[in-house]
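The values are calculated or read from the model by the stated rules, or taken from the named source; none is laboratory data. All of these numbers come straight from a predicted model, not from anything done at the bench. Positions of Cβ are generated from backbone atoms using ideal geometry, with glycine treated the same way; all protein chains shown enter the neighbour counts.
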Amino acid sequence: MKAPDLEGAARGIAQFLSALGYDLNSPELAETPERVALAFASELLAGERADLKALLAEGSESAGGKAPGLVVLSNVQVTTVCPHHLLPALGTATLGYLPGKRVLGLGTLARLVELSARRLVLQESIGEAVVQALLEHAGAEGAFCRLDLVHTCLASRGAKHPEARVVTLARGGSLASDAVTLDLALILGRQAEK
């Protein structure tokens, strides 16, 4: 993906607001196009140019001969942008993996979720990206990622269901079987209710 053109993006936002009938000379909109362009490029879509393989290589170390059991990290804050409406979805992720020969730092796991989510991406694809990265680049024997998000496109427009939550569960490797998936869904669902 090429580097963002912040000036071009700001011009596009200005044109968008103008086309909707807004006066760009009003005090409330002063510098709004520039702020929106910067927010999307540097924060909301910061994961688009991320190298997940490099992240996991840098944030891992040898398991020392004996890999630990299941490692689970919960309540990781998630912000993503829906590609259909360009509106944010917010919530939490719980992810886990069975290490192979390498173990990951907890900060690396949280960063993996963050960089997988900070894109124009469907919620289902975030979990799949996390699981695939853990299996392919970290050598995990099994992995899962559960996302529980509120989509502002569902809360503020269309059907207008502000309390609706979307829950997805991606899994792979030794954690992909139906029995394991059911157990994980039940355990993680109970955890989320607490």
*asked:* Looking at segment 50-63, I want the residues that are over 25 Å from Leu120 (Cα atoms) and have a partner that is surrounded by fewer than 16 Cβ atoms within 10 Å (Cβ to Cβ) and basic (Lys, Arg) with Cβ atoms under 6 Å, at least 6 apart or on another chain. Which pairs are those?
replied: Ala63/Lys101
*Can you tell me how many residues in segment 68-84 are in contact with a helix residue (DSSP H, G or I) (Cβ under 6 Å, 6 or more places away or on another chain) and touching a residue at least 60 places away in the same chain (Cβ under 8 Å)?*
3
_Per-region count, segment 66-86, residues of a type outside the set (Val, Ile, Thr) and either under 14 Å from the mean Cα position of the chain (by Cα) or more than 21 Å from Leu109 (Cα to Cα) (or both)_ = 8
*asked:* Return the residues of segment 72-118 that are in contact with a Gly (Cβ under 7 Å, 6 or more places away or on another chain), of a type in the set (Gly, Ala, Ser) and crowded, with 16+ Cβ neighbours inside 10 Å; say none if nothing qualifies.
replied: Gly100, Ser116, Ala117
*How many residues does segment 35-48 contain that are touching a residue at least 24 places away in the same chain (Cβ under 8 Å) and surrounded by fewer than 14 Cβ atoms within 10 Å (Cβ to Cβ)?*
1
*So which residues in segment 49-62 are surrounded by fewer than 18 Cβ atoms within 10 Å (Cβ to Cβ) and in a loop (DSSP other than H, G, I, E, B), if there are any at all?*
Ala50, Asp51
*Identify the residue in segment 120-169 that is touching a residue at least 12 places away in the same chain (Cβ under 8 Å) and polar (S, T, N, Q) and, among all such residues, is nearest to Ser60 (Cα to Cα).*
Gln132
*State whether one or more residues within segment 12-25 are closer than 24 Å to Glu136 by Cα and surrounded by 13 or more Cβ atoms within 10 Å (Cβ to Cβ).*
no
*Taking Gly65, is it touching a Leu at 6+ places or on another chain (Cβ under 9 Å) and either modelled with pLDDT under 95 or in a strand (DSSP E or B) (or both)?*
no
*Which of (1) crowded, with 16+ Cβ neighbours inside 10 Å; (2) out of contact with any Gly (no Cβ under 9 Å at 6 or more places or on another chain); (3) under 18 Å from Ala143 (Cβ atoms); (4) not aliphatic (A, V, I, L, M) does Thr32 not meet, given it meets every other one?*
(3)
